[in-house]
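Right, one structure below, let's go through it.
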Amino acid sequence: MFAAVGAAAVLAVGGGAWRYWSAHRAPKVEYIHATVQRTQFEDLVSATGALQPRDYVDVGAQVSGQLRKLLVEVGSEVAEGQMLAEIDAEQSAAKVDASRASLRSQRAQLVQNEVNLKKAERDLERLRNLLKDDATTLELVQNAETTVDLTRAQINTQKAQMEQTQASMRVDESNLKYTRIYAPMAGTVVSITAKQGQTLNTNQAAPTILRIADQSTMTVQTQVSEADVSKLRVGMPVYFTTLGSQGRRWYGQLSKIEPTPTVTNNVVLYNALFDVDNHNGALMAQMTAQVFFIVAQVQDALVVPMSAVTLQRPQGGRREGGAGAAAQPASAASGAGGPARREPRGSGDSSGMARASGQRAQGRAAGPRSGAAAAPGMPRKATVKVAAEDGTITEREISIGVSNRVQAQVLSGLEEGERVVAGVKQPESQRRSAAIQQQGPGGMGPGMGPGAGGSRR
């Protein structure tokens, strides 16, 4: 009987120990695997931009007056030299008539002064002949000479006044012509800011009546952050999509990076501009464009997720991958057989240095429709954890080239179809615990427990 009791006690203790060990044993590590694949690979800088016509002109008024006629409307196609609007020309025409009348009067005075000059010259000649015969006095001769000089001065003054009047009349005639406004270029009327019957005043500022734009070529003005602008270069390929374009891409080449940034809410942004053909009229002004600058592009490249890659750092100041450089992972693996922690993204150049082109063994780098090879660069050493078919995990050193925030090009060290460790699955108990913490007390959401007031702001 004592033996039976002892056996029962042993079984009870053993069962309790088993349940305790089962409840507190270390959870089995489950890995997230990724397969090495061959695909087209791009390193992109994304930004948002807006479309504007490359060539446009604001048509304004050079004379004051009432806008009597407006012969076009928004959307009208106009040719160069076509009449667009007409301003009341009565005042301008009256000024031209007054200038012409003043010029005729001055010409008549000029003729009169020329006649007076001829008479004064004859009188002077007669007095000089009389003086030779002592038939007159020297004073009369001198007075006649003064009269001749004064008449000649009046003629010169009259000619200068006529030139001034002619210049004023040319201005008035030009203003009269400006009452009819013609198109300085061919294009589309994209906006009208004045209305027919409105009085235009050019004394304060030149009023703008309308804008004409040639929309056959559009300019995309993109704002790029200071963290990405160093990756851009003039002539690099770029493409963009628009809302509602259903994924259609428009391609171009970066033509300008403006050196002066715009600062909005302490965010420094640089303007990058490029042109795109728009002969079919699918693009319109002020459209929002999602722009992608192609820093590097590799065809037929082996790629792995960046989450599976641990970059190596050179030691002793030697170059990465150089002779005798004992490169080591950026951080140790977490636990036996666990995946190595990756180096922070911001600490390494995951794209600028990654312009190692596919001219090496794994592919050919070229921009779309350009045929230009990607910028050359040195490959970087890294390590990955490779999962064998039997489930064993081994660490392997690889060489990577072009990379972005998501993927990296494998230059050597891996074959297509191999599996690498891309992460660790969270145990079920931890997932349930995290879910309970997110729900809060009593199964309610965060901040919804007692004393929370029953509502969230």
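Please treat every number below as a calculation from the coordinates, not as lab data. As the structure is a computational prediction, the values presented were derived from the model and not from experiment. Here the Cβ is made from the backbone with ideal geometry for all residues, glycine too, and neighbour counts use every protein chain on show.
Other residues within the sphere of radius under 10 Å centred on the Cβ of VAL410, judged by their own Cβ, net out at -2 (K and R +1, D and E -1). Within the straight-line cut-off of under 17 Å between alpha carbons, the lysines reachable from LYS256 are LYS231, sequence neighbours fewer than 8 places apart in one chain being disregarded.
Annotation for the stretch 182-244: trypsin sites (Lys or Arg not before Pro) lying in DSSP loop with at most 12 further Cβ atoms inside 10 Å of their Cβ are LYS195, ARG233. Candidate cross-link partners of LYS385 among the aspartates and glutamates, defined by an alpha-carbon separation under 16 Å and a same-chain spacing of 8 or more, comprise GLU30, GLU343, GLU395, GLU397, GLU415, GLU416, GLU418. Normalised size of the stretch 90-177, defined as Cα radius of gyration per 2.2 N^0.38 Å with N residues, equals 1.63. Amide H contacts for LEU200 (H built 1.01 Å from N in the peptide plane; partners 5 or more residues away or on another chain; cut-off under 5 Å): GLY65, GLN66, LEU67. Distance distribution P(r), the stretch 245-315, all Cα-Cα pairs, bin width 10 angstrom from 0: 11, 30, 27, 25, 5, 1 percent. Please list the non-local residues whose amide H lies under 5 Å from the amide H of THR288, H modeled 1.01 Å from N, same-chain partners needing a gap of 5 or more. Long-range HN contacts for THR288: LEU243.
Once you charge only the Cβ atoms, +1 for Lys and Arg and -1 for Asp and Glu, what is the size of the charge dipole of the stretch 90-177 about its Cα centre, to the nearest 20 debye?
On the way: 14 positive and 14 negative charges, 72 e Å.
Using only the charged Cβ atoms, the result is roughly 340 debye.
Database remark: amide H of SER76 closer than 5 angstrom to the amide H of VAL189 (H placed geometrically; neighbours at sequence offset of 5 or more, or on other chains; Pro and chain starts carry no H). Sequentially through the stretch 225-240, phi angles give Karplus couplings (6.51, -1.76, 1.60; θ = phi - 60°) of 5, 5, 6, 10, 5, 5, 7, 8, 8, 5, x, 6, x, 8, 9, 8 Hz, Gly and Pro residues having no value and appearing as x.
So which GluC sites (Glu not before Pro) in the stretch 48-150 pass both tests, a DSSP loop state and at most 10 other Cβ atoms within 10 Å of the Cβ? Within the stretch 48-150, the qualifying GluC sites (Glu not before Pro) (loop, at most 10 other Cβ atoms within 10 Å) are GLU73. Taking a straight Cα-Cα cut-off under 17 Å and skipping sequence neighbours fewer than 8 places away in the same chain, the aspartates and glutamates within cross-link reach of LYS69 are GLU86, ASP88, GLU90. As a proxy for reagent exposure, ranking VAL386, VAL420, VAL57, VAL115 by other Cβ atoms within 10 Å from fewest up yields VAL115, VAL57, VAL386, VAL420.
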